[in-house]
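The values are calculated or read from the model by the stated rules, or taken from the named source; none is laboratory data. Computed from a predicted model, the values in this text were never measured in an experiment. For neighbour counting, all protein chains shown are included, and Cβ atoms are generated from backbone atoms with ideal geometry for every residue, glycine included. Keep in mind that these areas ignore ligands, DNA and RNA; they rest on the heavy atoms of the full protein, side chains included. Shrake-Rupley method; radii C 1.70, N 1.55, O 1.52, S 1.80 Å.
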Amino acid sequence: MLPLLRKFTRRVERSEALDRAAAAIAEFIPPQLRDHRVTTVLRGKFLGHPLHPIAVMLPIGMYAASAVLDVAPGESKASRALIGIGLASTPVAVARGLAEFTSLEKDQRRAAVAHLAFNGGATLCYLTSFRLRGHGFGVVARGVSLLGLTLIGVGGYLGGHLTYAQGAGVGREAGGWEFSQVGTSTAAP
């Protein structure tokens, strides 16, 4: 499994086909916002590290919890409520991710585009599942949720790769962490 994931991430990093989508996303973010105070707040400069990883915890947690409730009998309303909270909190995570996008290098942007695509697909699955649940299609809705959770797993893997393997956002903000060549870290002055 690990060799397949490595091969997948290498293909994403080298895929020139993703450059066009990355350019479109970069154009979507107005140049005035790239160094604007709102963007620096969204990126977490005041904390010294990116806020996007923190912001994704709520929707991912809600979606994962809904999957647990999906296997418990009689918990369909609670599962739908958790999906609703996840959907409501997703725009904050997206905004923080787009703010981070402005600071990425070319190969990082490719990984970010794939990360966004998988997580966007997951969001569509959960929105569909939410709607299906509201119309009584519980079995189909649970299947769509499972697909969404799978897409979140792939998107999360790419997000982790973006941060840990590609170093996106690492040591960028004042007070953040700097990593040495051997992988040890020290607090930045």
> If you place +1 on the Cβ of every Lys and Arg and -1 on the Cβ of every Asp and Glu, how big does the dipole about the Cα centre of region 1-102 come out, in debye to the nearest 20?
Replying inline: 200 debye
> Averaged per residue, what accessible area in Å² does the chain show with a 1.4 Å probe, protein chains only?
Replying inline: 59 Å²
>> Quick check for me: using +1 on Lys/Arg Cβ and -1 on Asp/Glu Cβ, what's the dipole size of the chain about its Cα centre, in debye to the nearest 20?
In response: 300 debye
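Report, in order of residue number, the helices in the chain meeting two criteria: a C-alpha extent of 20 Å or more along the helix axis, and a mean Kyte-Doolittle hydropathy of at least 0.0; treat each whole DSSP H run as one helix. Write out the running numbers ahead of the final one.
Numbers: long enough: 76-101 (36 Å, 0.77); 106-134 (42 Å, -0.13); 138-160 (32 Å, 1.37).
Passing helices, by number: 76-101, 138-160.
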> Among the lysines, which have Cα under 28 Å from the Cα of Lys106 when same-chain residues fewer than 8 positions away are ignored?
Replying inline: Lys7, Lys45
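Please give me the summed charge of the neighbours of Leu98: other residues whose Cβ is under 13 Å from its Cβ, Lys and Arg +1, Asp and Glu -1.
Numbers: positive: Arg34, Arg43, Arg96, Arg109; negative: Glu27, Glu100.
Computed value for this residue: +2.
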> At a 1.4 Å probe, what is the % contribution of carbon and sulfur to the accessible area of region 1-154?
Replying inline: 67 percent
> Which is farthest toward the positive dipole end of region 1-43 among His36, Ala17, Leu4, measuring Cα position about the Cα centre, with Cβ charges +1 (Lys, Arg) and -1 (Asp, Glu)?
Replying inline: Leu4
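Take every Cα pair under 8 Å in the chain that's 6+ residues apart, average their separations, divide by the length, and report that relative contact order as a whole percent. All intermediate terms of the calculation are to be shown ahead of the outcome.
On the way: 215 pairs, mean separation 44.7, N = 189.
Relative contact order comes out at 24 percent.
Just to confirm the filter: which GluC sites (Glu not before Pro) across region 11-53 are DSSP coil and have at most 16 other Cβ within 10 angstrom of their Cβ?
Details: sites: Glu13, Glu16, Glu27; in loops: Glu16.
Sparse-neighbourhood loop GluC sites (Glu not before Pro): Glu16.
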